[in-house]
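The values are calculated or read from the model by the stated rules, or taken from the named source; none is laboratory data. Remember, predicted model here, so these are calculated numbers, not experimental data. Cβ atoms come from the backbone with ideal geometry, glycine included; neighbour counts cover every protein chain shown. Side chains are part of the model used for accessible areas, which takes the heavy atoms of the whole protein and leaves out ligands, DNA and RNA. Shrake-Rupley method; radii C 1.70, N 1.55, O 1.52, S 1.80 Å.
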Amino acid sequence: IVEAINKAHASKAPGDIQFNQGELTDVSRNRSTPAFRRNPAADRAVFPQEIDPLMSVLTFKQAGQAVGALSMFPTHGTSMTNKNTLISGDNKGYAAYHWEHDVAGVNYRVNGQPFVAAFAQTNPGDMSPNLNLKPGSGPTEDEFENTRIIGLRQADKALNLSNTSNTTLSGGVDYRMRFVDMSRVQVGSAYTPDNQVHTTCPAALGASFAAGSVEDGPGPGIAQEGTSNPFLNAVGGLIFNIPDSLRQCHGAKQVIIPVGQMQPYAWAPEVLPLQLVRVGQLYLATLPGEPTIMSGYRIRRQLAKTLNVDIQQVLVVGYTNAYTEYITTPEEYNQQDYEGGSTLFGPWTQPAYMQELDKLAQSMNRGEAIVNNLQPRDLRCCQLNFQTGVVMDLPPIGKSFGSVLKNADVGYRPGDTVSVRFQSAHPKNNLRRNGTFLEVQRWNGSTWIAVADDGDWSTQYRWSRTFGAESVVDISWAIPAGQATGAYRVVHHGDAKSL
């Protein structure tokens, strides 16, 4: 991340930002409809398909040439199931890869100033990319193909919006940011559905948190969404000290883990960064969690009213600057589906965020500075790490690191998959940042030229331990259609650690 910021700063130049919005409806489903339907009918009418279809795209240009784009759209990056062990950017990552690699022709290890396509979230808390509402299901039953298809649909829509942008953002930039202790916010009656004053709670997880999301990542099977669980309630009470006041504060939630009151330090942060950024006519309200589409809508509606702009000019951007699980509306919270059980600060979490962000909007309107009286605690001194790291690597007797254990066939056609195996060592020895663990190379008559590496969709790199300190790597390359004929080889880069 720091390297990316440095590169962006070094390539700074005058430019324009173009903005466009549109609707995309075939990459998400509401995975928590019983909770969503608890919201008032007037609010639900904003989302007749029970999804948020709004995609917003910023296109960044220098000297009239596009150098990057940022798409913001809500759907979870869970097209791949929790059985996947490969490092992957999921559907958002494929969308970025497709635009950069297949459309813009960028090779991230070679190009000095590549085109950067970024695919971010807005309010995806209850939005699933698994269109059949089962892990790894929809539109096909292949999780890798689903990742590609859902990513491709986002990329195609973002490309279309970028290419047809006719609004240039203007009017300067501005921001307000402050830390808020979300465990003790008094929420004014103007921000709550029942027009009463309420208070947020110290962070806690509920029984439905243990259920996981059945549609995207189910839990171990000891709990179900939306139902009480006397067993977990009893176990939570035996393992953790859960005060009655905490249970009462969290209302419908069956508290099983009081993460905000753990010792020697809390298991979740409570002093959290909230930020409002203005880029020309566009306002970005950032949240350190995963707001549902209705949570996002209510915050956008309030900020648009305060800022006196159209609601389309205000976006809520989740997963920003910190992370504290989910953010549901009070009505959704009472359903206690997975998202409600994971809304850390109790039933009034979303109104509290709305109130505190509205304070930033009021400050921005008045041109006033924000005073930060809080700072999150610094735990660099005392966090525990139980991972030993790599102790050593050894090849089997008669083998050496890099030995080919399974060679490629003599010939292949486009559409075939090349699979090879190498004697290897632990990949943690060198993460090869800005490098690669593998290359597919083609002979051009005088030298070998890389045509794919471990950043490509067509390749897979699987490491496994075989015996003791011995390990192997399996590399596969699905030959793309139209790949030029010629002589190819697969190269593995690795590092071994001696005792």
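Every Cα-Cα pair of segment 382-499 was included, and the share exceeding 18 Å stands at 55 percent. Which FRET efficiency value, to the nearest 0.05, do you get for Asp378 and Gln49 by plugging their Cβ-Cβ distance into 1/(1 + (r/R0)^6) with R0 = 51 Å? Once the sixth-power term is evaluated, E becomes 0.70. Quick check: net charge around Val67, other residues with Cβ under 15 Å of its Cβ, Lys/Arg +1 and Asp/Glu -1? Net charge in that neighbourhood comes out at +1. When a/c reaches 1.5 or more, the comparison of a/b and b/c decides; with that in mind, is segment 19-129 rounded, prolate or oblate per its Cα gyration tensor? Here segment 19-129 falls in the oblate category. Taking the Cα centre of the chain as origin and assigning +1 to Lys and Arg Cβ atoms and -1 to Asp and Glu Cβ atoms, the resulting dipole is close to 820 debye. Note on surface exposure: Phe73, Phe437 rank Phe437, Phe73 by accessible area, highest first, 1.4 Å probe.
Sorting Tyr338, Tyr353 by solvent-accessible area of protein heavy atoms yields Tyr338, Tyr353, largest first, with a 1.4 Å probe. Taken along the Cα-to-beta-carbon direction at a fixed 7 Å, the label points for Arg462 and Val390 span 2.1 nm. Accessible surface for Arg148 stands near 70 Å², nearest 10, in the context of the full protein assembly shown (1.4 Å probe). For segment 58-120, what class follows from the C-alpha gyration tensor (a ≥ b ≥ c being the square roots of its eigenvalues): rounded when a/c is under 1.5, otherwise prolate if a/b is larger than b/c, else oblate? Judged from the Cα gyration tensor, segment 58-120 comes out oblate (a/c at least 1.5, b/c at or above a/b). To put it simply, the accessible area of the chain at a 1.4 Å probe is 52 percent carbon and sulfur.
Bridges between two residues of the chain, per DSSP, are antiparallel at a rate of about 85%. Each of Cys381, Cys249, Cys201 has its accessible area taken with a 1.4 Å probe; listed largest first, they run Cys381, Cys249, Cys201.
A dipole drawn for the chain from +1 and -1 charges on Cβ atoms has a positive end, and of Ser363, Ala155, Gln350 the residue lying farthest that way is Ser363.
What shape does segment 161-277 have by the C-alpha gyration tensor, where a ≥ b ≥ c are the square roots of the eigenvalues, rounded means a/c under 1.5, and otherwise prolate means a/b greater than b/c and oblate the rest? In terms of gyration-tensor shape, prolate. Taking every protein chain into account, the accessible area of segment 238-315 amounts to 39 square angstrom per residue (probe 1.4 Å). Distance between the pseudo-spin-label points of Glu470 and Leu169 (7 Å out from Cα toward the beta carbon): 5.6 nm. The figure for Thr140 is an accessible area of roughly 40 square angstrom, using a 1.4 Å probe on the protein chains alone.
Among the protein heavy atoms, those of Met80 account for about 20 Å² of accessible surface (1.4 Å probe, every chain in place). Where does the charge balance sit around Gly482 when Lys and Arg score +1, Asp and Glu -1, over other residues with C-beta under 13 Å from its C-beta? That sum, taken over residues with Cβ under 13 Å, equals 0. A Cβ-based charge dipole, computed about the Cα centre of segment 301-398 with Lys and Arg at +1 and Asp and Glu at -1, lands at about 380 debye.
Under 4 °C and 1.567 mPa s, how fast does segment 340-423 diffuse according to Stokes-Einstein, given a Kirkwood radius computed over C-alpha pairs? Answer in µm²/s, whole number. For these conditions, the coefficient is 62 µm²/s.
Counting charges near Leu274 (Lys, Arg +1; Asp, Glu -1) among other residues having Cβ under 14 Å from its Cβ returns a value of -1. For the cross-link pairs Lys134/Lys406; Lys399/Lys428; Lys12/Lys157; Lys134/Lys253; Lys253/Lys359; Lys83/Lys406, the ones whose C-alpha atoms lie over 31 Å apart are Lys134/Lys406. A simple spin-label model places pseudo-atoms 7 Å from Cα toward Cβ; at Asn334 and Asn107 they are separated by 6.0 nm. Only alpha carbons enter this Debye calculation for the chain, each as an equal point scatterer, and the log10 of I(q)/I(0) it gives at q = 0.09 Å⁻¹ is -0.74. Of the GluC sites (Glu not before Pro) found in segment 128-222, those that fall in a DSSP loop while having at most 16 other beta-carbon atoms within 10 Å are Glu141.
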